[in-house]
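Asks: Pasting in a structure now, in structure tokens, and then I'll have a few things to ask.
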Amino acid sequence: MAQVPKALTLVRQRAPKIPGKPATNSPIARVLVDTGVFHLDQEFDFLVPEELSEIATPGVSIRVPFNGRKCDGFIVGRANSSAHVGRMQYIDKVNHETPLLTSTVLNLSRAVARKYAGNIMDILRFAIPVAINSTKEVFPTSSDEKPINKDLIQHYPPSYFDSLQKGEASHVVWTPLPSTEPFELMAEICKIRKGNILILVPDAKSVERCLKVFLSSGIGKNIITWSSELTKSQRYSNFLQILNGNVQIVIGVRGAVFLPLQYLSLIIVWDEGNENYSEIRTPGWHAREVAIERTRQEGCALILGSFSPSLLSTKYTLAGWLKPLHPLLDVFREFSPKFNGISELSSPDQRGRISTKAWKTIQKGLQSGPVLIQVPLRGYIRSLICQKCANHARCPCGGKLIIASAQKNIVCGLCGVFQSDWQCDYCAGKIFRHSNIGDERTLEEIGKAFPGITIRSSNQGSMILEEITQPCIVLATPGSEPRAKHGYAAIVFLDSRIFLERATVNAEEQARLNWFSVSALAAKNAEVFLDVVATDPNFQALLRWDPWHSASRDLLERSDLHLPPQFKAVSVIGPHADIHNMALEFSKNYQVSSLQSTDDVYLSKIILRASDENGQGLVDHLLNYCRIRSAHGMSALKVRVDPIEL
């Protein structure tokens, strides 16, 4: 039987769009296009249709045809002529009529992209929020203005506050007094300083606390916040308020450093050595470095504040670009707590994980107020070691064995497999010993030792946000310590060696920052115990409340060892063969480490180093190298300039 032919169907085709006439005035638009291709980090010229001429202004987000697809971008300028040869494409549409990209943010983003060997569009993703079509109108927060509280500024040099009032662009590294609220002094500084002020703090809880202190201090200026707690709609609404000039003070986390605050007068970076300021996403910029660059571009004043200055701020201080701002040492000794450490390791009352001296410190503190105990690790038992040979107990997959909960089931911390018949690969031993005890196990031990006493736990998963007002024991992990209304009566640091034993060059710097910052939460003359040997130079710095001498000593050691921040360091990760070839090329002009292994068996890592004078030259060379690789279609390398851990 003959087949019946199927009926013909029409194929729908979209007629090509007929472009209109070019704009009469400035028909050429210079556009930064988000191509997703690393080496195409440049401006491209497009024609502006007459119907879009009025709204296609510099700073607006647009969509353009690029290599057969539609890409978003930003107009950075309009011109009457172009150096482009050949047919020129028209702008497809304007995404949002509001110009979101200002010239100030554009210049800052260019500088940051060059400093960190990145693509400018990667920087603009942090600087420009996602535009929302329908948003609720938000209004800045404000409070009635109150006079300056002279009691808060009396311990600091009056000449500095005179320079603030005169509008001078001073750059200082600020070390506040212990047992005080640093945000209160920051509020007084904001009263004195005229103009718009940008304040950076490490995390969202600090944003809320800073806002609360500012409102109670009576700033008398419009304030808006910027943190990860905001929804996309709230972020965009707050961004528009800042862009329109309705805000005088911005309090935010690291991303706020790119906000288009106009007529910037002062930037304050609080806790400037905190690791939260380092962006983990490509290209890995640091908010403190971006703030310093913005200070140089806009000519505003700068305050880098911390209870223990970072090595980078110490470097700028020794170079004279930053000036120290702190009270006299005698005033520090008056406000600082009393410190105790381990004076004799063989003494019975100073041995064990929680020594007798630690117990006595807790007991004495509970008689007059709350006590804070800091444990560096979360969880129950974070690792197990063989009792016979002291080697780490490991799963066949290579992961460390842990005890995850009070049920005491031994599992692999990497693959989660239950281990019931483990045997040591080195000595065939079968008996464990606990190592690296977490906060959950410590909570059990403290609870048994102090029956009837309220014990509260605070960690990143369940953080105490309110102030502690009643006598109790607070067990906290680093970064989650709540404040006490009148200061802690005693503070105990457990397993402090873990901070010093971290396999990174900044282990001592971070340990010092943690110890000084947490000790500053104590009340005047309160007792603080650290389970470290009293002869440790960092403990001696605490004893004298003198972080500057220790930071200067570490900085000089870094110079002899060719380590950051005295030397520029860049880590590069990529395929073995590519990294090997790169090491050969860069070793002609720079210091190159041997190939290092990574978590991925197919990738290797090297560290490139150069002197401070040749540091930007190294980054420029590396940036050009990565662009050439991208142009040849080779795989991208993971580059990290000034990594926080080496």
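The values are calculated or read from the model by the stated rules, or taken from the named source; none is laboratory data. Given the structure is predicted, the values throughout are model-derived calculations rather than measurements. Neighbour counts are summed over all protein chains in view; Cβ atoms, including those assigned to glycine, are modelled from backbone coordinates with ideal geometry.
Asks: Within segment 312-339, track down each residue that is of a type in the set (Phe, Trp, Tyr) and farther than 26 Å from Leu530 by Cβ.
Replies: Selection gives Tyr316, Trp321.
Asks: Further, regarding this structure: State whether one or more residues within segment 451-462 are closer than 26 Å to Gln367 by Cβ, touching a residue at least 12 places away in the same chain (Cβ under 8 Å) and among the aliphatic types (A, V, I, L, M).
Replies: The answer is yes; a qualifying residue exists.
Asks: While we're on this one: Looking at Val290, Val269, Val257, Val247 in this structure, which one is part of a strand (DSSP E or B) and either out of contact with any Phe, Trp or Tyr (no Cβ under 8 Å at 6 or more places or on another chain) or in contact (Cβ under 8 Å) with a residue 40 or more places away in the chain (or both)?
Replies: Val269
Asks: Could you please find all residues in segment 173-192 being crowded, with 20+ Cβ neighbours inside 10 Å and either within 17 Å of the chain's Cα centre (by Cα) or not in a helix (DSSP H, G or I) (or both)?
Replies: Selection gives Val173, Trp174, Thr175, Pro176, Leu177, Pro178, Ser179.
Asks: Here's something else I'd like to know. Pull up segment 112-141, narrow it to residues that are small (Gly, Ala, Ser) and surrounded by fewer than 17 Cβ atoms within 10 Å (Cβ to Cβ), then point me to the one that is modelled with the highest pLDDT.
Replies: Ala131
Asks: Can you pull out every residue in segment 593-622 that is under 21 Å from Ala577 (Cα atoms) and among the charged types (D, E, K, R)?
Replies: The answer is Asp599, Asp600, Lys605, Arg609.
Matching residues to (1) surrounded by fewer than 23 Cβ atoms within 10 Å (Cβ to Cβ); (2) farther than 17 Å from Leu108 by Cα; (3) not polar (S, T, N, Q):
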{"residue": "Gly252", "(1), (2), (3)": "no, yes, yes"}
{"residue": "Gly255", "(1), (2), (3)": "yes, no, yes"}
{"residue": "Leu261", "(1), (2), (3)": "no, no, yes"}
{"residue": "Glu279", "(1), (2), (3)": "yes, no, yes"}
{"residue": "Thr282", "(1), (2), (3)": "yes, no, no"}
{"residue": "Gln297", "(1), (2), (3)": "yes, no, no"}
{"residue": "Leu318", "(1), (2), (3)": "yes, yes, yes"}
{"residue": "Leu322", "(1), (2), (3)": "no, yes, yes"}
{"residue": "Leu329", "(1), (2), (3)": "yes, yes, yes"}
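Asks: Quick check: is even one residue across segment 165-182 over 17 Å from Ser306 (Cα atoms) and without any contact (Cβ under 8 Å) to a residue 60 or more places away in the chain?
Replies: Yes.
Asks: If a residue must be modelled with pLDDT of 95 or more, of a type in the set (A, V, I, L, M, F, W, C) and under 19 Å from the mean Cα position of the chain (by Cα), how many such residues does segment 222-241 contain?
Replies: 1
Asks: Say we look at segment 599-637 and pick out the residues that are β-branched (Val, Ile, Thr) and loosely packed, with under 15 Cβ neighbours inside 10 Å; which of these is farthest from Val37 (Cα to Cα)?
Replies: Val601
Asks: Right, something else. So which of Pro337, Pro324, Pro370 ends up being closer than 30 Å to Ala169 by Cα and either touching a strand residue (DSSP E or B) at 6+ places or on another chain (Cβ under 6 Å) or not assigned by TED's automatic domain parsing to the domain that holds Lys485 (or both)?
Replies: Pro324
Asks: Also: Name the residues in segment 360-404 that are among the polar types (S, T, N, Q) and at pLDDT below 85, would you?
Replies: In the first step, residues of segment 360-404 are kept if they are among the polar types (S, T, N, Q); the result is 361, 363, 367-368, 374, 383, 387, 391.
Listed by number, the residues that qualify are Ser383, Gln387, Asn391.
Asks: Does segment 234-245 hold any residues that are farther than 20 Å from Val60 by Cβ and of a type in the set (Gly, Ala, Ser), and which are they?
Replies: Within segment 234-245, no residue meets the criteria.
Asks: Among the residues of segment 439-454, which ones are hydroxyl-bearing (Ser, Thr, Tyr) and not in a helix (DSSP H, G or I)? Talk me through it step by step, then tell me what you get.
Replies: Restricting attention to segment 439-454, the residues satisfying the condition of being hydroxyl-bearing (Ser, Thr, Tyr) are 442, 454.
Within segment 439-454, just Thr454 meets the criteria.
Asks: Moving on to the next point. Looking at segment 400-438, which of its residues are farther than 13 Å from Ser383 by Cα and either of a type in the set (A, V, I, L, M, F, W, C) or not in a loop (DSSP other than H, G, I, E, B) (or both)?
Replies: If the condition is that a residue be farther than 13 Å from Ser383 by Cα and either of a type in the set (A, V, I, L, M, F, W, C) or not in a loop (DSSP other than H, G, I, E, B) (or both), then Ala406, Cys415, Val417, Phe418, Trp422, Cys424, Cys427, Ala428, Ile431 are the ones that fit.
Asks: Next question. Can you tell me which residue within segment 520-540, out of those that are without any contact (Cβ under 8 Å) to a residue 40 or more places away in the chain and in a helix (DSSP H, G or I), is surrounded by the most Cβ atoms within 10 Å (Cβ to Cβ)?
Replies: Taking the candidates together, the pick is Asn538.
Asks: Using the structure shown, decide if Ala490 is in contact (Cβ under 8 Å) with a residue 24 or more places away in the chain, under 19 Å from Arg209 (Cα atoms) and of a type in the set (A, V, I, L, M, F, W, C).
Replies: Here the answer is no, as Ala490 does not meet what is asked.
Asks: To continue, here is another question. If a residue must be within 7 Å of Pro283 (Cβ to Cβ) and part of a helix (DSSP H, G or I), how many such residues does segment 114-125 contain? Write out each step before concluding.
Replies: First, pick out the residues of segment 114-125 that are within 7 Å of Pro283 (Cβ to Cβ): 116-118, 122.
Checking which are part of a helix (DSSP H, G or I) leaves us with 122.
Here the count works out to 1.
Asks: Being in contact with a Ser or Thr (Cβ under 9 Å, 6 or more places away or on another chain), modelled with pLDDT of 95 or more and in a loop (DSSP other than H, G, I, E, B) is the filter here, so list the residues in segment 49-79 that pass it.
Replies: Correct list: Pro58, Gly59, Val60.
Asks: Count, please, the residues in segment 236-250 that happen to be surrounded by fewer than 18 Cβ atoms within 10 Å (Cβ to Cβ) and in contact with a helix residue (DSSP H, G or I) (Cβ under 7 Å, 6 or more places away or on another chain).
Replies: Qualifying residue count, segment 236-250: 0.
Asks: Across segment 541-553, what is the total count of residues that are part of a helix (DSSP H, G or I) and either surrounded by 19 or more Cβ atoms within 10 Å (Cβ to Cβ) or at positive phi (or both)?
Replies: Here the count works out to 5.
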